[in-house]
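So the structure is just underneath, and the comments pick up after that.
The values are calculated or read from the model by the stated rules, or taken from the named source; none is laboratory data. Since the model is a prediction, treat every value here as computed from it, not as a measurement. Glycine gets a Cβ as well: all are built from the backbone with ideal geometry, and neighbour counts include every protein chain shown. Ligands, DNA and RNA are stripped out before the accessible areas are found, and what is left, the full protein with its side chains, is counted by its heavy atoms. Shrake-Rupley method; radii C 1.70, N 1.55, O 1.52, S 1.80 Å.
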Amino acid sequence: NPGFETWTTSPGAPDSWTTTGNVTITKETTTKRTGSNSCKVVSTIADVGVGIKQLIVHAPAAENVLVTVQAYYYVATGSTAVLALVLYNEKGVAVATAGVNPPVKDTWTAVPLTYTPASGESEHLEVRLLTYGNAQAAYWDDFTVTATEVTPTTLGTITCEVTYGGAK
């Protein structure tokens, strides 16, 4: 449900997403980027990082793969939106987190985060679309996850000369 078009109940989280923290989630039909809806996230108390989340499970990672998670947000001046990632290993232990608090207000803006999974390990990525503060509102739309193979590049040759005890 990357465009937040499917809702079994509203208010409530869009299908395939769950809430995190003290938050009100509603289907927004006026402030949207594309399609019929966006997801409106409003904090109900002065809480840190409330919103919606989704757990994405993927197969064992391959070498030279770059994963990009992106969502579009809209916040009015005075509100805060945050895209956060939490990476869990195959045992369910959080091994890495990343987040971005974009500064642009009053317009739909893409916010991407990228990471390189550890080779050969099954990982679970939890994506969080959040807002901060009391009665702060953020709108989210057009969520994507892409994996791109990165080709290693040789930048040049380095020649080293080692001298030990006067001998080369």
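Kindly report, to the nearest 10 Å², the accessible surface of Ser43 as traced by a 1.4 Å probe over protein heavy atoms only.
Its heavy atoms expose roughly 0 Å² to the probe.
Rounded to the nearest 0.05, what FRET efficiency do Asp15 and Glu149 give with R0 = 45 Å and r taken as the Cβ-Cβ distance? Could you check?
0.90
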